[in-house]
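The values are calculated or read from the model by the stated rules, or taken from the named source; none is laboratory data. Source: prediction; values computed, not measured. Heads up, the Cβs are rebuilt from the backbone with ideal geometry, glycines too, and the neighbour counts pull from every protein chain shown. With ligands, DNA and RNA removed, areas are computed over all heavy atoms of the protein, side chains included. Shrake-Rupley method; radii C 1.70, N 1.55, O 1.52, S 1.80 Å.
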Amino acid sequence: MTENRPDRRRHTRFPLGLPVGVRVAGRRTPLVVELLDISESGARFQAMDNSVKVAERAVFGFVVPDRPSCQAQGLVVRADRSGQFVLALDDTNDDFVGFVRCLEAES
């Protein structure tokens, strides 16, 4: 039986489909993943495998026009067998916040 759960998200998600490198704490090399969507407080990714685990810390960044370096980091709060994982962001730079707010203004 499927329940209708209230949406607990604090911020609107915006789809991206952008390839990014994610550095997971304790790993030597970054994972190249697809950044599926972002908000001011979270990000959802698709990896090629399911090696990312809940409670790992990770940092990622990307460059877009007019934003020299969008950077964010947080804690993995959800991960599944398909390789999707979600970061709850606890540190973002001004360019990241500005980019998300620009997406919000355009929607």
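Give me a count of the residues in the range 7-28 that are of a type in the set (D, E, K, R) and part of a strand (DSSP E or B). Total satisfying the criteria: 1. Within the range 52-70, the set of residues being on the phi < 0 side of the Ramachandran plot, free of Cβ contacts under 8 Å to residues at least 24 places away in the same chain and touching a strand residue (DSSP E or B) at 6+ places or on another chain (Cβ under 8 Å) comprises V63 only. In the range 30-39, the qualifying residues are those that are surrounded by 13 or more Cβ atoms within 10 Å (Cβ to Cβ) and over 11 Å from the mean Cα position of the chain (by Cα), and the one that is nearest to S51 (Cα to Cα) is L31. Tell me, which residue of the range 40-54 that is out of contact with any Lys or Arg (no Cβ under 8 Å at 6 or more places or on another chain) and either basic (K, R) or under 20 Å from V97 (Cα atoms) (or both) is surrounded by the fewest Cβ atoms within 10 Å (Cβ to Cβ)? Checked the range 40-54; the qualifying residue surrounded by the fewest Cβ atoms within 10 Å (Cβ to Cβ) is K53.
Applying a threshold of 6 Å to beta carbon distances and a minimum spacing of six or more residues, or different chains, the list of pairs starting in the range 5-26 at a residue that is of a type outside the set (V, I, T) and ending at one that is at pLDDT 95 or above and loosely packed, with under 13 Cβ neighbours inside 10 Å reads G21/V32. In the set R81, R23, R10, R27, only one residue is open to solvent by 90 Å² or more (accessible area, probe 1.4 Å), over 17 Å from L103 (Cα atoms) and over 14 Å from the mean Cα position of the chain (by Cα); that residue is R81. Taken over the range 29-69, residues that are within 15 Å of A79 (Cα to Cα) and either of a type in the set (A, V, I, L, M, F, W, C) or assigned to a loop (DSSP other than H, G, I, E, B) (or both) amount to 17. With the structure loaded, tell me whether R57 is touching a helix residue (DSSP H, G or I) at 6+ places or on another chain (Cβ under 6 Å) and surrounded by 14 or more Cβ atoms within 10 Å (Cβ to Cβ) or whether it fails that test. Here the answer is no, as R57 does not meet what is asked.
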